[in-house]
Amino acid sequence: MDAVHVRLRGERYAIEVADVVEVEQRDQMTPVWGASPLVVGVRNLRGSVLPIVDLAAALGLPSRPDAAYVVVVASGVATAGLEVDAVIDVEPLPLFDVQPADQAGLRGRAMVDDELVGVIDVEAVLAMAGPV
């Protein structure tokens, strides 16, 4: 399976290409009062309102406001942007090597290029963020 490999707080993560709509530079957002603490705001994406999710907070990592990119993902009927620090590349992810992870928001972990990579569970992250 191919995945978009990203960096988040110094760690490497992978998001299945099938879940990725596009990658954008992080831009201005409008805060949404009363939304989940994981939703840092919304932005206009070609006429549609796109909620932006703090992926670091969803994974239990320190949150900070300087993410550089937003990976737009879709799962079922939900579409959202996930904030990441950097986008590395699209690379294969060996599914047979994915080991279960005991961490919310992850499907598992795999070794890629001698580095442990967390495999993002997009459906779980969007469910944690809740409706906007």
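Quick note: the coordinates plus some simple rules give every number you see, no bench work behind them. Quick caveat: nothing in here was measured; it's all calculated off a predicted structure. Cβ coordinates were reconstructed from backbone atoms using ideal geometry, including for glycine residues, and neighbour counts include every protein chain displayed.
Structure summary
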read-out	value
Positive dipole terminus of the chain, leading residue within 5, 53, 116 (C-beta point charges)	53
Stretch gain in nm, segment residue 66-residue 89, where the contour uses 0.36 nm per residue and the Cα spacing is subtracted	6.3 nm
Inter-probe distance in nm under a simple model that places probes 7 Å from Cα toward Cβ, at residue 11 and residue 114	2.2 nm
Contact order normalised by residue count of the chain, Cα under 8 Å, 6+ apart, percent	30 percent
Candidates 85, 102, 19, ranked by Gaussian network fluctuation over the chain, Cα under 10 Å, top entry	102
Net charge dipole size for the chain [Lys, Arg +1 and Asp, Glu -1 on Cβ; Debye, nearest 20]	520 debye
Calculated over the chain: convex hull of Cα atoms, volume per residue (Å³)	102 Å³
